[in-house]
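See structure below.
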Amino acid sequence: MRDEALNKGRRRLLGGALASIGAGSVRAQSALIPYHGGRISPPVPLPALPLQLADGSRTDLATLMRGRATALNLMFTGCTTTCPIQGVVFQRVQTLLRNPAARGIQLVSLSINPLEDTPAAMSAWLARFQAGPGWLAARPAPEGMDTVARLFGASGNGALTDHATEVSIVNARAMLVWRSYALPSPESLADMLNQA
C-alpha cells in the first residue's frame, strides 16, 4: 500500500514536470514510460515529430514507424563509447532477422546530435555497420530534442554522453510498446521485433 502511494506521488510529480516543460503533442502518459525495460502499458502513440533521414529526405516520426515493427536506438555519429556498441548490436539483429525489410521490420538509429549529424554523417555511420535495407538513420530538428528525451530517454540537457542505451520497440500502428534493458542482446531484440 505504501509502494502504491509512492508510485502515485511519482506519477503526479512526473506529470507535473512534463506539463511544466510543455509536453506538446506527447501526452502526459509518456512520462510513465519505464526506462529500465518492460512493456509499456498503455502503448504510447508517437507524434508527428519532423525528421530528416540519412538520404536527405524528410518525414515525421509517426509516419516513419507506421506499417512496420521497429527497433529504435539513440546515437550520435561522433560517439566513441556506447553508440558503436549499439551499432554492432543492430548489425547482428539485421543478420538474425534475415532481410528484416521484407518481413515488415525496420531498425532506426535516431540521432541526439541534430546539429552535427548531417545526412552525410548519418550515411557514413550506417555504412560503418554495413546497414542493409530497413536500417535507417534520422535526426530531429534541434527543437525536437525535448520530445526525443521524453519518449526515448535522451538527457535533453545537451550532454550527449548521457543518453539511454535501451532500445525502444514500436509496433506497426506507430505505438511505443516496449523498452529493452540497457544494451540489450541482439537475440532479445530480434525476439521482441518478431512479437511486436
So how do 179, 150, 39, 98 rank on accessible area, 1.4 Å probe, biggest first, that is with the largest at the start?
98, 39, 150, 179
What does the highest-first list of 65-71, 138-144 look like by mean Cβ count within 10 Å?
65-71, 138-144
Ignoring ligands and nucleic acids, residue 41 exposes an accessible area, probe 1.4 Å, in Å² to the nearest 10, of 100 Å²
Whole-number D in µm²/s for segment 69-169 (Stokes-Einstein; Kirkwood sum over Cα pairs; 10 °C, 1.306 mPa s):
117 µm²/s
Heads up, I need the accessible area for residue 191: 1.4 angstrom probe, whole protein in place, Å², nearest 10.
90 Å²
Using the Karplus curve 6.51 cos²θ - 1.76 cosθ + 1.60 with θ = phi - 60°, what ³J(HN,Hα) values do you get for each residue of segment 40-53, in whole Hz, with x for Gly and Pro?
9, 9, x, x, 9, x, 7, x, 7, 6, x, 9, 10, 8
Using a 1.4 angstrom probe and counting only protein chains, how large is the accessible area of residue 76 in Å², to 10?
20 Å²
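The values are calculated or read from the model by the stated rules, or taken from the named source; none is laboratory data. Keep in mind it's a predicted model, so treat the numbers as computed, not measured. Glycine gets a Cβ as well: all are built from the backbone with ideal geometry, and neighbour counts include every protein chain shown. Note: accessible area is taken over every heavy atom of the protein model, side chains too, but ligands, DNA and RNA are not part of it. Shrake-Rupley method; radii C 1.70, N 1.55, O 1.52, S 1.80 Å.
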